[in-house]
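Asks: Before I ask anything, let me first share the structure, which is written out below as structure tokens.
The values are calculated or read from the model by the stated rules, or taken from the named source; none is laboratory data. Quick caveat, the model's predicted, so the values are computed rather than measured. When we count neighbours, we look across all protein chains shown, and the Cβ atoms used for this are built from the backbone with ideal geometry, even at glycine. For the accessible areas, the whole protein counts, side chains as well, though only heavy atoms, and no ligand, DNA or RNA atoms are used. Shrake-Rupley method; radii C 1.70, N 1.55, O 1.52, S 1.80 Å.
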Amino acid sequence: QVQLVESGGGQVQAGGSLRLSCAASGSIFSINVMGWYRQAPGKQRELVAVITSGGSANYADSVKGRFTISRDNAKNTVYLQMDSLKPEDTAVYYCNAAISRSRISGWYNYWGQGTQVTVSS
């Protein structure tokens, strides 16, 4: 069993900041890419940011310069620092990770349960 547990969502005014955390636990051999996605009401889930095990990061154009993704490989945890938040950032944010459960198994995609971020104007 593998679980991704997110925390840190909430409500904030425009221009404010929030920090999301996502910890992976369970039968984990190795974690490859970790990332954050979001889904606003009536819209499709979209990529926000991803980071490799080596620390290389990529961002959606809409969050570049405002959001920072990071990870602690020793803790199997990924973070998303969100600054200068805008009302259009309001969404449920989901953690995602590509995880291998043994030396010989393949990579499987896991999702967290989601955490709500609401930005008021």
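Asks: Based on the Cα gyration tensor of the range 42-84, what are the three equivalent ellipsoid semi-axes, each the root of five times an eigenvalue, rounded to whole Å and given largest first?
Replies: Those come to 20, 12, 10 Å.
Asks: Roughly what percent of Cα-Cα pairs across the chain reach past 21 Å?
Replies: So the portion of pairs separated by more than 21 Å is 34 percent.
Asks: Mind giving me the FRET efficiency for residue 60 and residue 29? R0 is 22 Å, r the Cβ-Cβ distance, nearest 0.05 is fine.
Replies: 0.15
Asks: Taking the mean number of other Cβ atoms within 10 Å as a proxy for protection, how do you rank 93-104, 7-18 from highest to lowest?
Replies: Packing proxy ranking, top to bottom: 93-104, 7-18.
Asks: Here's a follow-up. Pull up the DSSP beta bridges for the chain and report the antiparallel fraction as a percent, rounded to 5.
Replies: Looking only at bridges with both residues in the chain, the antiparallel portion is about 90 percent.
Asks: Another question, then. In sequence order, what are the phi-derived ³J(HN,Hα) couplings for the range 89-96 according to the Karplus relation 6.51 cos²θ - 1.76 cosθ + 1.60 with θ = phi - 60°, rounded to whole Hz, with x for glycine and proline?
Replies: 7, 4, 4, 8, 9, 10, 8, 9
Asks: Next question, about the same structure. Would you mind working out the magnitude of the charge dipole of the range 13-78 relative to its Cα centre, with +1 at each Lys and Arg C-beta and -1 at each Asp and Glu C-beta, to the nearest 20 Debye?
Replies: Charge dipole, the range 13-78, about its Cα centre: 120 debye, nearest 20.
Asks: On the protein heavy atoms, probe 1.4 angstrom, tell me the percent of accessible surface of the range 4-89 carried by carbon and sulfur.
Replies: That fraction is 45 percent.
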